[in-house]
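The values are calculated or read from the model by the stated rules, or taken from the named source; none is laboratory data. Worth saying up front: this structure is predicted, and the values here are computed from it rather than measured. Virtual Cβ from ideal backbone geometry, glycine too; neighbours counted across all protein chains shown.
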Amino acid sequence: MTREAETVSLVGAGLNGPLLALGLVQRGFRVQVFEKRPDMRRVPMSAGRSINLALSTRGIHALTKAGLWDKMREIVIPMKGRMMHSAKSELTFQPYGKDESEVINSISRAELNIALMIAAEGQGVKISFQQRCTGMDLRSGTLQLRGERTGEERTLDPGVTIGCDGSASAIRGEMLKLTRFNFSQQYLDYGYKELTIPARANGEHALETNALHIWPRGNYMLIALPNVDGTFACILFLPFEGPDSFAQLTTHSAVAEFFRSRFPDAFPFMPDLADNFFANPTGAMVTIKCSPWHMEGRTLLLGDAAHAIVPFFGQGINCGFEDCTCILELLDRHGADWARVFREFEQARKINADAIADLAVENFVEMRDRVADPRFLFRKKVELALEAKYPQLFVPKYAMVTFHRIPYATALRRGQVQDRMLTELCDRIERIEDVDWDKAGRLILSELTPLELAS
Ligand SMILES: Cc1cc2nc3c(=O)[nH]c(=O)nc-3n(C[C@H](O)[C@H](O)[C@H](O)COP(=O)(O)OP(=O)(O)OC[C@H]3O[C@@H](n4cnc5c(N)ncnc54)[C@H](O)[C@@H]3O)c2cc1C
């Protein structure tokens, strides 16, 4: 095997593409990336599907391995918990973790993308912009590209190809034409709209900086994540149809009235609300599951191309970066035995991608509805108390997903067991002093095995 001579072509310079490219080039491969969009460092443009992202342990681990986290931490804002805004503008703060080390990090999607591209190019990755992959011959492995500016079509032998081309992947589109390719896509009846809360005149944030703000309203919600420039990136999640829905918000006055009445303490901070609302598209949210993710050691899907999930656990890119960690570790173990690496990659990741897809859908109900429920807040308190008493055994589901690298499938399974325990322990009581700790101990010791918590 002549690793140095081997070319790996990635389709997509979103978030996963450049991070994977960097890891591959660091291991001696020749890496080229084809991206359909212009270079965002030269052309001002929307950075893609969300303005900022919550980065947590799995993503940070991958960035640390790539030698990038120390630089990145300068451009993140730690969010210590959820700040809930009630319809009467009352605030309730709910910490995410057991202490201040357990935070999630708000980072600009564009800044992250640019930093990754610079790092990859700095180590020799060649990124070709405005090169759209229009197809691939999966048998011969040839890739078809079209220059977005010139219209020029070309076919090339890409070596190994990895589709990092997101939820509408062109490479996956080719795999779909194969017999026995499994594919499912499930859209939510909800859409999302990105909005902005500008900085105050003095440049400061208009709301508490170190929190993820949520306006939970049962069937819909608004969230806001802080940016380093003093703004907040907001996302409104709302049904497409029905009484409170995007279908109703068709005029400037309808939008203003909806925000004034439903989010009264956010509305005054959104002077350009209606203009923003109509300038920005309404996005759809989809869960995509498919298999196989690879073909004959020549072609692989990774990140959203293999497993798009809805954004309610803030794990899409954390999961994608964990994909990168996994495949790079397999390459370190097996060398460029691509068929084996791809097979073991899918074996390791598919079950976990499916689990986080399900957890993410489940978490939507929690965010838009349950976080406002006093019973839910009480259960959270009990969860934290159980974690303090049994740190190796009882780790809250949110923490397993967000602050550890426990496999998502394990988090899903243990989370279900723990949910049942919490129901049993919290039923009919309202004070933490009334928890039956002996019973809690018996349940935990009989049903949960110790966790490997190194992160
Ligand atoms: C509203 C919203 C909020 C989110 N919030 C979070 C969060 O807080 N935390 C989190 O971890 N995740 C979050 N996510 C998920 C996260 O954005 C995705 O998981 C992540 O962007 C996937 O990275 P990717 O590289 O696989 O795909 P993308 O980032 O979508 O990149 C794909 C790239 O491929 C390019 N491309 C596509 N087709 C072609 C083609 N045919 N030829 C060439 N290039 C092509 C695209 O232009 C793009 O640059 C959120 C998603 C949404 C929608």
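For the condition out of contact with any Leu (no Cβ under 6 Å at 6 or more places or on another chain) and within 30 Å of TRP293 (Cβ to Cβ), what is the one hit in ALA372, ALA385, ALA409? It would help to see each step written out before you state the result.
Values: ALA372 fails: within 30 Å of TRP293 (Cβ to Cβ); ALA385 fails: within 30 Å of TRP293 (Cβ to Cβ).
The match here is ALA409.
Which is surrounded by fewer than 23 Cβ atoms within 10 Å (Cβ to Cβ) and without any contact (Cβ under 8 Å) to a residue 24 or more places away in the chain, of ASN227, ASN202, ASN276? Please lay out each step first, then the result.
Working: ASN227 fails: without any contact (Cβ under 8 Å) to a residue 24 or more places away in the chain; ASN276 fails: without any contact (Cβ under 8 Å) to a residue 24 or more places away in the chain.
Result of the check over ASN227, ASN202, ASN276: ASN202.
Identify all residues within segment 392-447 that are of a type outside the set (D, E, K, R) and outside any helix (DSSP H, G or I); write none if there are none.
Quick first cut of segment 392-447, residues of a type outside the set (D, E, K, R) only: 392-396, 398-404, 406-412, 415-418, 421-423, 425-426, 429, 432, 435, 437, 440-441, 443-446.
Of everything in segment 392-447, those that are of a type outside the set (D, E, K, R) and outside any helix (DSSP H, G or I) turn out to be GLN392, LEU393, PHE394, VAL395, PRO396, PHE403, HIS404, ILE406, PRO407, ILE429, VAL435.
Out of PHE376, PHE364, PHE345, I need the residue that is free of Cβ contacts under 8 Å to residues at least 12 places away in the same chain and part of a helix (DSSP H, G or I). Which one? Talk me through it step by step, then tell me what you get.
On the way: PHE364 fails: free of Cβ contacts under 8 Å to residues at least 12 places away in the same chain; PHE345 fails: free of Cβ contacts under 8 Å to residues at least 12 places away in the same chain.
Exactly one residue qualifies, and that residue is PHE376.
I'm trying to understand the selection: among the residues of segment 143-159, which are surrounded by fewer than 22 Cβ atoms within 10 Å (Cβ to Cβ), not basic (Lys, Arg) and not in a loop (DSSP other than H, G, I, E, B)?
Of the residues in segment 143-159, the ones surrounded by fewer than 22 Cβ atoms within 10 Å (Cβ to Cβ) are 144, 146-157, 159.
From the residues that got through so far, the ones that are not basic (Lys, Arg) too are 144, 147-148, 150-153, 155-157, 159.
Those that are surrounded by fewer than 22 Cβ atoms within 10 Å (Cβ to Cβ), not basic (Lys, Arg) and not in a loop (DSSP other than H, G, I, E, B): GLN144, GLY147, GLU153, THR155, LEU156.
Any residue that is over 22 Å from the mean Cα position of the chain (by Cα) and either at negative phi or of a type in the set (Gly, Ala, Ser) (or both) - is there at least one of those in segment 44-64? Lay out the reasoning, then the answer.
Here is the first cut: in segment 44-64, the residues over 22 Å from the mean Cα position of the chain (by Cα) are 44.
Right, trim to either at negative phi or of a type in the set (Gly, Ala, Ser) (or both) and you get 44.
Yes: segment 44-64 contains one or more residues that are over 22 Å from the mean Cα position of the chain (by Cα) and either at negative phi or of a type in the set (Gly, Ala, Ser) (or both).
Test THR92 against the criterion of being of a type in the set (Ser, Thr, Tyr), away from the ligand (no atom under 14 Å from the Cβ) and in contact (Cβ under 8 Å) with a residue 40 or more places away in the chain, and give yes or no.
Values: of a type in the set (Ser, Thr, Tyr): yes; away from the ligand (no atom under 14 Å from the Cβ): yes; in contact (Cβ under 8 Å) with a residue 40 or more places away in the chain: yes.
Yes.
Can you tell me how many residues in segment 160-188 are assigned to a helix (DSSP H, G or I) and either over 15 Å from THR299 (Cβ atoms) or more than 20 Å from the chain's Cα centre (by Cα) (or both)?
Our first condition is that a residue be assigned to a helix (DSSP H, G or I); within segment 160-188, this holds for 170-175.
Imposing the further condition that a residue be either over 15 Å from THR299 (Cβ atoms) or more than 20 Å from the chain's Cα centre (by Cα) (or both) reduces the set to 170-171, 173-175.
The qualifying residues number 5.
Restricting to segment 189-212, what's the tally of residues that are part of a strand (DSSP E or B) and of a type in the set (S, T, N, Q)? Outline the logic, then answer.
Step one: filter segment 189-212 for residues part of a strand (DSSP E or B), giving 189-197, 212.
Now narrow it down to the ones that are of a type in the set (S, T, N, Q): 196.
Qualifying residue count for the region: 1.
Considering segment 295-341 alone, what residues qualify as being surrounded by fewer than 22 Cβ atoms within 10 Å (Cβ to Cβ) and in a strand (DSSP E or B)?
Within segment 295-341, just MET295 meets the criteria.
For segment 348-360, state whether one or more residues are surrounded by fewer than 20 Cβ atoms within 10 Å (Cβ to Cβ), touching a residue at least 60 places away in the same chain (Cβ under 8 Å), outside any helix (DSSP H, G or I) and of a type outside the set (A, V, I, L, M, F, W, C).
First, the residues of segment 348-360 that are surrounded by fewer than 20 Cβ atoms within 10 Å (Cβ to Cβ): 348, 350-351, 354, 358.
Applying the additional criterion that residues be touching a residue at least 60 places away in the same chain (Cβ under 8 Å) yields 354.
Imposing the further condition that a residue be outside any helix (DSSP H, G or I) reduces the set to none.
Scanning segment 348-360 turns up no residue that is surrounded by fewer than 20 Cβ atoms within 10 Å (Cβ to Cβ), touching a residue at least 60 places away in the same chain (Cβ under 8 Å), outside any helix (DSSP H, G or I) and of a type outside the set (A, V, I, L, M, F, W, C).
Specify which of the listed residues (VAL33, VAL11, VAL43) is surrounded by fewer than 14 Cβ atoms within 10 Å (Cβ to Cβ), β-branched (Val, Ile, Thr) and either within 11 Å of the ligand (Cβ to nearest atom) or at pLDDT below 95 (or both).
Values: VAL33 fails: surrounded by fewer than 14 Cβ atoms within 10 Å (Cβ to Cβ); VAL11 fails: surrounded by fewer than 14 Cβ atoms within 10 Å (Cβ to Cβ).
The match here is VAL43.
Look through segment 85-141, keep the residues that are farther than 25 Å from ALA388 by Cβ and β-branched (Val, Ile, Thr), and return whichever of them is surrounded by the fewest Cβ atoms within 10 Å (Cβ to Cβ).
The extreme case among them is ILE118.
Here's the yes/no breakdown for (1) crowded, with 20+ Cβ neighbours inside 10 Å; (2) closer than 25 Å to ASN219 by Cβ:
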{"residue": "VAL365", "(1), (2)": "no, yes"}
{"residue": "VAL371", "(1), (2)": "no, yes"}
{"residue": "LEU377", "(1), (2)": "no, yes"}
{"residue": "LEU386", "(1), (2)": "yes, no"}
{"residue": "PRO391", "(1), (2)": "no, no"}
{"residue": "LYS397", "(1), (2)": "yes, yes"}
{"residue": "PRO407", "(1), (2)": "no, no"}
{"residue": "LYS439", "(1), (2)": "no, no"}
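Going by the structure shown, is PHE129 within 12 Å of the ligand (Cβ to nearest atom), in contact (Cβ under 8 Å) with a residue 12 or more places away in the chain, of a type outside the set (Gly, Ala, Ser) and out of contact with any Gly (no Cβ under 9 Å at 6 or more places or on another chain)? Steps first, answer last, please.
Values: within 12 Å of the ligand (Cβ to nearest atom): yes; in contact (Cβ under 8 Å) with a residue 12 or more places away in the chain: yes; of a type outside the set (Gly, Ala, Ser): yes; out of contact with any Gly (no Cβ under 9 Å at 6 or more places or on another chain): yes.
Here the answer is yes, as PHE129 does meet what is asked.
Does ALA110 count as within 15 Å of the ligand (Cβ to nearest atom) and over 17 Å from LEU212 (Cβ atoms)?
On the way: within 15 Å of the ligand (Cβ to nearest atom): yes; over 17 Å from LEU212 (Cβ atoms): yes.
In short, yes.
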